[in-house]
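The values are calculated or read from the model by the stated rules, or taken from the named source; none is laboratory data. If you're wondering where the values come from, they're calculated on a predicted model, not measured in any experiment. Because the Cβ atoms are built from the backbone with ideal geometry, glycine has one as well, and the counts that use them run over all protein chains shown. For accessibility, only protein heavy atoms count, side chains too; no ligands or nucleic acids. Shrake-Rupley method; radii C 1.70, N 1.55, O 1.52, S 1.80 Å.
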Amino acid sequence: MNDKIFIAPRLVGSRFEDHSLPVNILEDFSALEDLIIEVAKEIYLSENLNRKRVPKGFSDGVYLMLVEIEEGSSIAKFAIASAFSLTSSLPLETLNNFTYFEKAKDKIVSIVESVNNNELSQEQDYKLLSYFNKIGKNLLDDESIDFGYDYESKSSSKAILNKATRKKLLLFSEQKTEYLGSQKLYALVPEIDQKNGTFQIETDFGSIKCPLKEHIKDNVFIAFNEYKNNTYISLKATALFNSNDDKIQMITEVESIDVLDPLDVSLRIYNLLKLENNWFEGRGKALNKEQLAKFENLFNSYFDNKLSLPAIFPKIDGNIQLEWKKDIRNIVVDVNLASLSVEFFYYNDSDDSDEKEAKMSLQDKAGWDSLNTLIYSTLNER
């Protein structure tokens, strides 16, 4: 099997800093594979005007294969292969149609570059651009994919896809004022309409109707029954946005719903990000979004889920404080978000001599392992 690198997109963002790929991002590359094949067919027909269709077997069994993830955030190296190449001694490059897949890749890179340069042509094929409904759908706000990245010279390109460039491509392709995108929401569930198979979610930016499907019913009903207790859900969905103000018009599909613990860390961080400068009696710095996102990613990756969740409070200096309480035992952890250095302090409500202090860094798993061990041993000492 040929393992020559065909394309090596570079992914940038907090989820890729450990040089791995979330599973849902692979959906985007599956859509890229489909787009490459479609573009290759169009290029073949444009260069062979005597043909009305591509040759039989033109793209049979052709697929992208992830062969390596290299550091620097995550560089996903893909080879291109086919069922034929697996049973042949010939590398894929020697097949007659390979050149069209190379040209297709170059054209896709060129399309993404053109949207970043505000040079999209009215002659672009709307059908091809519509593939970006799936490509980039799972990117978060701080993430991007550089499709033209040169992994050999370590040089970036202008073919960078993020939420903003994807939106431009979709609006251009559909010639509409609305576009679809993946969205994570925190919400309450105040209403269920079983007759029409819908439910309402209550968000910071208004009430939105969602389709009530069988796979999410149990969690929807739990959240609905606990609405008065302010029980939140985390909802991952495909939403229809208005391009003028980027507001959600409706939810078209709900992929998953989780009923959240009252102390859920991601929900608490989401709410802390709403704080503006001078949030406390004319004092208090707004918390840094990127730093909080990094802390959240590390917490979700390395905090021992057998431990109870902490209460999280903002500090006037723009940092955060974590607190645990078990009977008369108390733990306070001050977190410096910029350096991820922490100061651990334990005290006993009934015994002033029962105290403990420590300092550590939460930059890596080792630091989190130390914190987990310290929390467990301190709260469970006899």
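When Asp317 is tested against (1) of a type in the set (Asp, Glu); (2) outside any loop (DSSP other than H, G, I, E, B); (3) modelled with pLDDT of 95 or more, just one condition goes unmet, and that condition is (2).
In the stretch 231-243, the condition of being of a type outside the set (Lys, Arg) and open to solvent by 70 Å² or more (accessible area, probe 1.4 Å) is met by no residue. Residues of the stretch 206-219 being surrounded by 14 or more Cβ atoms within 10 Å (Cβ to Cβ) and either among the hydroxyl-bearing types (Ser, Thr, Tyr) or under 22 Å from Leu263 (Cβ atoms) (or both), which ones? Across the stretch 206-219, the qualifying residue is only Asn219.
Among residues of the stretch 324-341 being part of a strand (DSSP E or B) and without any contact (Cβ under 8 Å) to a residue 24 or more places away in the chain, the one that is most open to solvent (accessible area, probe 1.4 Å) is Lys325. Among the conditions (1) farther than 18 Å from Ser308 by Cβ; (2) at pLDDT below 95; (3) surrounded by 13 or more Cβ atoms within 10 Å (Cβ to Cβ), Asn348 misses just one, which is (1). Test Gly181 against the stated conditions and say whether it is crowded, with 20+ Cβ neighbours inside 10 Å and part of a loop (DSSP other than H, G, I, E, B). It is false that Gly181 is crowded, with 20+ Cβ neighbours inside 10 Å and part of a loop (DSSP other than H, G, I, E, B).
Is it the case that the stretch 170-179 has a residue that's at pLDDT below 95 and under 21 Å from the mean Cα position of the chain (by Cα)? There is at least one residue in the stretch 170-179 that is at pLDDT below 95 and under 21 Å from the mean Cα position of the chain (by Cα).
Looking at Thr165, Thr198, Thr203 in this structure, which one is touching a Cys at 6+ places or on another chain (Cβ under 8 Å), of a type outside the set (Asp, Glu) and open to solvent by less than 40 Å² (accessible area, probe 1.4 Å)? Within the list Thr165, Thr198, Thr203, the selection yields Thr198. Taking the stated definitions as given, is Lys285 surrounded by 17 or more Cβ atoms within 10 Å (Cβ to Cβ), in a helix (DSSP H, G or I) and not hydrophobic (A, V, I, L, M, F, W, C)? Spelling it out, it is not the case that Lys285 is surrounded by 17 or more Cβ atoms within 10 Å (Cβ to Cβ), in a helix (DSSP H, G or I) and not hydrophobic (A, V, I, L, M, F, W, C).
Of all residues in the stretch 342-366, those that are within 14 Å of Lys325 (Cβ to Cβ) have Cβ atoms under 7 Å from Cβ atoms of residues that are β-branched (Val, Ile, Thr), 6 or more apart or on another chain, in Phe345/Val332; Tyr346/Ile331; Tyr346/Thr378; Asn348/Ile328; Asp349/Ile328; Ser350/Ile328.
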